[in-house]
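Here's the structure, in structure tokens; my notes come after.
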Amino acid sequence: MLNQSTNDAAGLRSDAVYLSSDGTLDRAQVLEYSPSTNALGSGQSVILSNIVVLPLGVTGTFYIIVAADGLYQYYEADGEGNNAYVSTNTITLTPLAPRWSLSTGNFLRKCCERS
């Protein structure tokens, strides 16, 4: 994250990570908001990392979007247009194969057997 402004960025902000099927924030699904109060001086940058959980049941090809101040808590006048980065590569989410199967007959037989 780089503060390209001539002003320091101080105060509360929530950085965000999104999952987007078309590379835009219009219909993107929020994966996480990460609140921060760390000041970022003019021209300063910081590298942040985090782990996000991908939603179950969602399949398809997606872009990851990372947005500084994703909730627009920090007023930037005309500087709001450079807050998001869209991944150049996509990720593909596919359903996971079940790790086990349950046969109702075997379950009932084992459950109800008398010793």
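The values are calculated or read from the model by the stated rules, or taken from the named source; none is laboratory data. The structure presented is a predicted model; accordingly, all values stated were derived computationally and were not measured. For neighbour counting, all protein chains shown are included, and Cβ atoms are generated from backbone atoms with ideal geometry for every residue, glycine included.
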The range 1-55, residues that are surrounded by 11 or more Cβ atoms within 10 Å (Cβ to Cβ), of a type outside the set (A, V, I, L, M) and assigned to a strand (DSSP E or B)
Arg13, Ser14, Asp15, Tyr18, Ser20, Gln29, Glu32, Tyr33, Ser34, Ser36
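Restricting the search to the range 44-65, which residues are within 17 Å of Thr90 (Cα to Cα) and of a type in the set (S, T, N, Q)?
Residues of the range 44-65 that are within 17 Å of Thr90 (Cα to Cα), as a first pass: 52-55, 58-65.
Result: Thr59, Thr61.
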In the range 56-76, anything surrounded by 11 or more Cβ atoms within 10 Å (Cβ to Cβ) and at pLDDT below 80 is listed as Asp69, Gly70, Leu71, Tyr72, Gln73, Tyr74, Glu76
